[in-house]
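S.K.: Sending over a structure as structure tokens; questions will come in a sec.
The values are calculated or read from the model by the stated rules, or taken from the named source; none is laboratory data. Computed from a predicted model, the values in this text were never measured in an experiment. Glycine gets a Cβ as well: all are built from the backbone with ideal geometry, and neighbour counts include every protein chain shown. Quick note on the areas: whole protein, heavy atoms, side chains included, nothing else; ligands and nucleic acids left out. Shrake-Rupley method; radii C 1.70, N 1.55, O 1.52, S 1.80 Å.
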Amino acid sequence: MLGGELAAVRCDLEDFAAEMFESFARADQRRWGQVYLRGLLLDGRRKLVEPMAARLGEDGNRQALANFITTSPWDAAHVRARLAWRMQHVIKPTALIVDDTGFLKDGDASACVARQYTGTAGKVTNCQAGVSLHMASDAASAAIDWRLFLPESWDPASPKADAAKVARRTKCGIPEEVGHVEKWQLALDMIDEARSWGIDDIPLVVADGGYGDAAAFRLGLEERGLDYVVGISTTTTAQPEEARPHIPPYGGRGPRPQPVYPEPAQAVKKLVIAAGKRAAKPVQWREGSRPGTGRSGLKRMYSRFVALRIRPAGREIRKACDGPELPVRRLLAEWPATEPEPVQFWLSNLPADTPLATLVRTAKLRWRIEHDYREMKQALGLAHFEGRTWRGWHHHVTLVSVAHAFCTLQRITRSPKETAPA
């Protein structure tokens, strides 16, 4: 925001900050929390402590801001819980969305930095990776929880531990009990935490293939009684719905054979191609912001989709089954009219009578998390933090989420229509 714009909503920001920081033990923490929020919201290319302090005028105490974000012992989880309570009533979320984003780094001193793949750069590079949980509806969304991913090279208990990185743990303030945990498990942990805050009436989870490809993640959602629509890769294997296991003839020696499916599981891409392009049906899931042919004069988000009932395969799925039959799930594939093959795949445990349009809209809702990342990185300095500590990283991303939520509240207050897809 420009200085004049922020001045116009200063009272709103102070009230919002007081609500978010009510759990802080000291008045100086509440003061510098509000000042840091203003620094994130003020216009400026870099949202680092020093340039923010320069823009904040009489409140621009660089040392106080640095201490607040890096070393002050306030609990980021308490702030995120309050943020979740507030935004749940505003957004009226229909789903929780999980994803991760990269924080590119030049050096190797920051907590958990390593050479790893990130979609932010589209390649393996030197970065931190943060996993986030967002509540979302078609109209708005908010990041309500975060985890900094700790690579195996930072875990002293891992065979892939790097001695130099392990030695930096203490300097970075990484708690002793924190070890390497897969991103999909961090996502489940955040869902559990959100439900412990009382965010327990959102029965649907959306994620991309980085999470959907993990059978343990899908099983974890089902154990929690949660429905899901998650991306999967083309090589995910499954049996057709009509396939049934049989018991091979007993040869008279050794243990009796167990039920098996007569044919090997097939890649989901092969199952969709076998169904044929004629099985694809047109679906429009929303309107964008560019001019187009939609009812409101905007571009229609439109494609063709195939939905099949299949039985996902794999060792983990078989071990989790009560009997020999694999469970039936919904496979959704996007197959544009201009493409010779399907281009994207999702797996869902939504009821069999869920309309195709609902299935597609839910799968495509993941655009909201990309929208959040873009706003938080481009306007609010999500990836600008240069502190090296575990605590500082979690403090910074939490306050960026609070600033982003404040912007969302202001848009909704000015005009509900402004929360339309961007």
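S.K.: Out of the range 228-266, which residues are in a loop (DSSP other than H, G, I, E, B), touching a Gly at 6+ places or on another chain (Cβ under 9 Å) and either hydrophobic (A, V, I, L, M, F, W, C) or closer than 30 Å to Ala207 by Cα (or both)?
M.R.: Selection gives Ser233, Thr236, Ala265.
S.K.: Is it the case, given these coordinates, that Gly392 is open to solvent by less than 20 Å² (accessible area, probe 1.4 Å), modelled with pLDDT of 95 or more and either in contact with a Pro (Cβ under 7 Å, 6 or more places away or on another chain) or in a loop (DSSP other than H, G, I, E, B) (or both)? Before you say what the answer is, go through the steps one by one.
M.R.: Details: open to solvent by less than 20 Å² (accessible area, probe 1.4 Å): yes; modelled with pLDDT of 95 or more: yes; either in contact with a Pro (Cβ under 7 Å, 6 or more places away or on another chain) or in a loop (DSSP other than H, G, I, E, B) (or both): no.
So Gly392 fails the test.
S.K.: For residues that are in contact (Cβ under 8 Å) with a residue 60 or more places away in the chain and more than 25 Å from Phe68 (Cβ to Cβ), tally how many sit in the range 371-410.
M.R.: 1
S.K.: Please specify each residue of the range 33-48 satisfying the condition of being at pLDDT 95 or above and open to solvent by 30 Å² or more (accessible area, probe 1.4 Å).
M.R.: Selection gives Gln34 alone.
The rows are residues; the columns are (1) β-branched (Val, Ile, Thr); (2) buried (at least 23 other Cβ atoms within 10 Å of the Cβ); (3) touching a helix residue (DSSP H, G or I) at 6+ places or on another chain (Cβ under 9 Å).
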{"residue": "Ala140", "(1), (2), (3)": "no, yes, yes"}
{"residue": "Ile144", "(1), (2), (3)": "yes, yes, yes"}
{"residue": "Ser153", "(1), (2), (3)": "no, no, yes"}
{"residue": "Ala157", "(1), (2), (3)": "no, no, no"}
{"residue": "Arg169", "(1), (2), (3)": "no, no, yes"}
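S.K.: Quickly run through the range 51-101 and pick out the residues that are outside any loop (DSSP other than H, G, I, E, B) and charged (D, E, K, R).
M.R.: Arg55, Glu58, Asp59, Arg62, Arg80, Arg82, Arg86, Asp99, Asp100
S.K.: Criterion first (within 30 Å of Ala207 (Cβ to Cβ) and among the acidic types (Asp, Glu)) does Asp43 satisfy it?
M.R.: no
S.K.: With respect to Leu409, is the statement that it is within 29 Å of Pro73 (Cβ to Cβ) and open to solvent by 10 Å² or more (accessible area, probe 1.4 Å) true?
M.R.: Considered against the rule, which asks whether it is within 29 Å of Pro73 (Cβ to Cβ) and open to solvent by 10 Å² or more (accessible area, probe 1.4 Å), Leu409 comes out as yes.
S.K.: Moving on to the next point. Over 17 Å from Val306 (Cβ atoms) and assigned to a helix (DSSP H, G or I): does that describe Leu271?
M.R.: no
S.K.: Can we say Val343 is under 23 Å from Val206 (Cβ atoms), in contact with a Phe, Trp or Tyr (Cβ under 9 Å, 6 or more places away or on another chain) and surrounded by fewer than 22 Cβ atoms within 10 Å (Cβ to Cβ)?
M.R.: Answer is yes for this residue.
S.K.: Hey, another quick one. Of all the residues that make up the range 351-381, how many are of a type outside the set (Ser, Thr, Tyr), touching a strand residue (DSSP E or B) at 6+ places or on another chain (Cβ under 9 Å) and either part of a helix (DSSP H, G or I) or surrounded by 17 or more Cβ atoms within 10 Å (Cβ to Cβ) (or both)?
M.R.: Our first condition is that a residue be of a type outside the set (Ser, Thr, Tyr); within the range 351-381, this holds for 351-353, 355-357, 359-361, 363-372, 374-381.
Cutting the leftovers down to touching a strand residue (DSSP E or B) at 6+ places or on another chain (Cβ under 9 Å) gives us 351-352, 356-357, 359-361, 363-372, 376-377.
Checking the rest, the ones that are also either part of a helix (DSSP H, G or I) or surrounded by 17 or more Cβ atoms within 10 Å (Cβ to Cβ) (or both) come to 356-357, 359-361, 363-372, 376-377.
Summing the residues that are of a type outside the set (Ser, Thr, Tyr), touching a strand residue (DSSP E or B) at 6+ places or on another chain (Cβ under 9 Å) and either part of a helix (DSSP H, G or I) or surrounded by 17 or more Cβ atoms within 10 Å (Cβ to Cβ) (or both) in the range 351-381 gives 17.
S.K.: Here is a follow-up. So the check is Cβ under 9 Å with 6+ separation or different chains; which pairs have a first residue in the range 238-256 that's surrounded by 10 or more Cβ atoms within 10 Å (Cβ to Cβ) and a second one that's among the basic types (Lys, Arg) and outside any loop (DSSP other than H, G, I, E, B)?
M.R.: So the pair list comes out as Ala238/Arg311; Ala238/Arg329; Gln239/Arg311; Pro240/Arg309; Pro240/Arg311; Glu241/Arg309; Glu241/Arg311; Ala243/Arg311.
S.K.: Ala194 - would you say it is over 19 Å from Thr362 (Cα atoms), of a type in the set (A, V, I, L, M, F, W, C), open to solvent by less than 20 Å² (accessible area, probe 1.4 Å) and assigned to a strand (DSSP E or B)?
M.R.: On the way: over 19 Å from Thr362 (Cα atoms): yes; of a type in the set (A, V, I, L, M, F, W, C): yes; open to solvent by less than 20 Å² (accessible area, probe 1.4 Å): yes; assigned to a strand (DSSP E or B): no.
Considered against the rule, which asks whether it is over 19 Å from Thr362 (Cα atoms), of a type in the set (A, V, I, L, M, F, W, C), open to solvent by less than 20 Å² (accessible area, probe 1.4 Å) and assigned to a strand (DSSP E or B), Ala194 comes out as no.
S.K.: While we're looking at this one, here's another question. Quick one: count up the residues across the range 151-170 that are part of a helix (DSSP H, G or I) and either among the acidic types (Asp, Glu) or under 22 Å from Gly392 (Cα atoms) (or both).
M.R.: Matching residues across the range 151-170 total 10.
S.K.: To continue, here is another question. Could you give me the residue pairs with C-beta distances under 8 Å whose first residue belongs to the range 14-38 and is polar (S, T, N, Q), whose second residue is open to solvent by 40 Å² or more (accessible area, probe 1.4 Å) wherever it lies, and which are 6+ apart or on separate chains?
M.R.: What qualifies is Ser23/Asp75; Ser23/His78; Ser23/Arg82; Gln34/Glu14; Gln34/Ala18.
To keep it simple, each residue is scored yes or no on (1) open to solvent by less than 50 Å² (accessible area, probe 1.4 Å); (2) touching a residue at least 12 places away in the same chain (Cβ under 8 Å); (3) acidic (Asp, Glu).
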{"position": "Arg55", "(1), (2), (3)": "no, yes, no"}
{"position": "Gln63", "(1), (2), (3)": "no, no, no"}
{"position": "Ala76", "(1), (2), (3)": "yes, yes, no"}
{"position": "Val79", "(1), (2), (3)": "yes, yes, no"}
{"position": "Arg82", "(1), (2), (3)": "no, yes, no"}
{"position": "Met87", "(1), (2), (3)": "yes, yes, no"}
{"position": "Val90", "(1), (2), (3)": "yes, yes, no"}
{"position": "Pro93", "(1), (2), (3)": "yes, yes, no"}
{"position": "Ala114", "(1), (2), (3)": "yes, yes, no"}
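S.K.: Search the range 171-183 for residues being more than 25 Å from Ser72 (Cα to Cα) and assigned to a loop (DSSP other than H, G, I, E, B), and hand back the single one that is most open to solvent (accessible area, probe 1.4 Å).
M.R.: Glu182
S.K.: What pairs come out if I take residues in the range 296-323 that are more than 15 Å from Pro245 (Cβ to Cβ) and at pLDDT 95 or above and pair them with residues that are open to solvent by 100 Å² or more (accessible area, probe 1.4 Å) and of a type in the set (Lys, Arg) whose C-beta lies under 9 Å away, six or more apart or interchain?
M.R.: Arg304/Lys281; Phe305/Lys281; Val306/Lys281; Ala307/Lys281
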